[in-house]
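Everything below concerns the one structure shown next.
The values are calculated or read from the model by the stated rules, or taken from the named source; none is laboratory data. Owing to the predicted nature of the structure, the values given are computational and were not obtained by experimental measurement. Don't worry about glycine lacking a Cβ; one is built from the backbone with ideal geometry, like all the others, and counts go over all protein chains shown. When the accessible area is computed, the model is the full protein with side chains, heavy atoms only, and any ligands, DNA or RNA have been set aside. Shrake-Rupley method; radii C 1.70, N 1.55, O 1.52, S 1.80 Å.
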Amino acid sequence: MSVNNKRETFSSKFGFLISCVGAALGLGNIWLFSYRLGAYGGAAFLIPYFIFIFILGTTGLITEFSFGRLFKAGAPTGIREIFRSRKLKGAKIISLIPVLGVAGVFMFYSVVVGWILKYFILSVTGELMTLDATAFFNQFAGSTSSVIWLIIAMLTTVLIVKIGVAKGIEKLNKIAMPLLLILFIILIIRSVTLPGAEVGIEYLLKPRWEYLLKVDTWVIALGQAFFSVSLSGCSLVVYGSYTNDGYDIVSASFQMAIFDTIAALLASFIIVPATFAFGFDPASGPALLFITLPAIFKVMPYGNIMAIIFFLSIIFAAISSSIGMLEGPVEALMTSRHLSRAKSTIIISLICLLLAIPLAVNMEWFNLFADFITIILSPVGTMITAIAFFYLYKGDILDEVNKGAKYSLGKSFVYFGKLIFVPMTILVILLGIIYGGIG
């Protein structure tokens with residue numbers, strides 16, 4: 001079923017895995033997981049989270065990686081090929097939905113990455129230690145002064161994607177992810193040794209079993225697991241298309257879920273103990289990065305150094321995710337219009353920048369747009385790719401999934417995909433609408 005034999009590839013299996021981890025490890029792992037772990041039962045929350053991420057999450061990863069490798073192309077090409085084989089109509093429009101979802105995430109995400117870059121510079125200059133965090137953020141976010149930082153954030157991502165898969169995306173992640181781990185360890189040591197940090201550690205680790213009887217705990221765990229591994233029906237499909245038949249997609253999917261979970265746990269032990277040590281609220285969401293933590297750094301011993309290290313680590317996490325988001329629509333344009341990577345990257349990035357500027361200068365538009373993309377459009381993209389793979393594809397799914405696999409999956413994987421995973425993607429969309437977002 002391959003439609004593109006001349007294609008860039010990752011230079012190694014490790015490069016593929018570390019790039020996928022980089023794509024998945026985003027800001028949601030940092031400001032959401034920490035709060036949810038404590039707010040929904042501490043260690044007890046890990047039970048439904050582990051169930052969902054290692055069953056549903058890995059199924060989604062295997063599906064998207066296999067779909068990309070099968071067609072040696074992104075989701076639009078694969079979906080159109082499947083629709084053509086089934087003589088179904090509407091392929092051109094339907095196949096674009098996963099791409100539009102990822103492009104939408106890239107737009108509002110880049111606005112936030114711009115904020116992070118600004119805060120990193122404030123940390124380096126020392127200004128962060130003197131400003132009123134709440135007043136500054138309220139004045140800065142949603143203002144024209146944030147636009148230049150949006151441009152810098154997008155330009156940084158564009159330069160890496162423009163270089164290519166092996167020399168750009170893979171090389172950056174091979175450097176950024178190990179550095180991120182080192183920075184996280186430094187920050188954890190400082191956070192857990194603060195006076196009063198033990199209260200935050202207890203908040204994270206003490207299991208409150210009664211929460212397992214609450215529906216909300218399971219709903220939030222489902223959303224966290226689903227979105228944590230960056231399922232979108234697009235970005236990871238593209239990464240899968242850059243692999244060959246020797247890559248063990250099954251093992252890589254489980255390894256990615258493990259590394260992603262470890263990173264989220266490490267972030268929790270950076271943020272929550274420090275938050276409790278200084279009497280702040282760990283449930284403040286995005287404000288945790290831009291209001292709460294700057295306030296903590298102001299009163300923390302060696303806070304300026306910790307602020308520099310912290311925001312540098314967040315830059316690594318954020319940019320690695322942005323790369324995966326941009327690569328999805330770039331690959332779609334490259335493949336459909338037979339343009340060079342450089343031209344495709346520039347065209348997509350300019351369109352995204354123009355559409356993102358209104359989001360950067362108006363927080364009401366930003367919030368409405370982000371909710372629509374994350375609650376509806378992006379998970380619909382996941383659902384479309386999964387339906388195409390499990391229900392419409394005429395070939396042998398297991399033949400593709402098990403290529404290069406040390407431990408092969410059986411027919412139960414296909415049944416699980418059809419009867420459990422696809423319906424659960426629909427449930428994620430419905431619950432997101434009901435709850436106003438669960439990811």
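Some notes on this structure:
- When ILE309 is tested against the conditions (1) in contact with a helix residue (DSSP H, G or I) (Cβ under 6 Å, 6 or more places away or on another chain); (2) part of a helix (DSSP H, G or I); (3) at pLDDT 90 or above; (4) within 22 Å of GLY439 (Cβ to Cβ), the lone failure is (4).
- The single condition among (1) farther than 24 Å from MET154 by Cβ; (2) surrounded by fewer than 19 Cβ atoms within 10 Å (Cβ to Cβ); (3) in contact (Cβ under 8 Å) with a residue 60 or more places away in the chain that MET300 does not meet is (2).
- Out of MET306, MET325, MET334, one residue alone is free of Cβ contacts under 8 Å to residues at least 40 places away in the same chain and closer than 27 Å to ILE18 by Cβ. It is MET334.
- Scanning region 70-81 for residues that are in a helix (DSSP H, G or I) and either surrounded by 22 or more Cβ atoms within 10 Å (Cβ to Cβ) or among the small types (Gly, Ala, Ser) (or both) yields LEU70, PHE71, ALA75, PRO76, GLY78, ILE79.
- Criterion applied to TYR247, TYR211 was being in contact with a Phe, Trp or Tyr (Cβ under 8 Å, 6 or more places away or on another chain), closer than 26 Å to VAL401 by Cα and touching a residue at least 60 places away in the same chain (Cβ under 8 Å), and the one residue passing it is TYR247.
- Looking at GLY432, GLY417, GLY437, GLY381, just one residue is assigned to a helix (DSSP H, G or I), more than 21 Å from ILE82 (Cβ to Cβ) and open to solvent by less than 40 Å² (accessible area, probe 1.4 Å), and that residue is GLY432.
- In region 181-208, the residues that are assigned to a helix (DSSP H, G or I) reach residues that are open to solvent by 90 Å² or more (accessible area, probe 1.4 Å) and of a type in the set (Phe, Trp, Tyr) with C-beta atoms within less than 9 angstrom, at least six apart or across chains, in these pairs: ARG190/TYR302.
- Residues of region 403-430 that are within 16 Å of GLY68 (Cβ to Cβ) and of a type outside the set (Gly, Ala, Ser): LYS403 alone.
- Options PHE67, PHE50, PHE45: the member that is aromatic (Phe, Trp, Tyr), more than 30 Å from GLY395 (Cβ to Cβ), open to solvent by less than 10 Å² (accessible area, probe 1.4 Å) and under 23 Å from the mean Cα position of the chain (by Cα): PHE45
- Of the set (1) modelled with pLDDT under 95; (2) in contact with a Lys or Arg (Cβ under 8 Å, 6 or more places away or on another chain); (3) aromatic (Phe, Trp, Tyr), all apply to PHE390 but (1).
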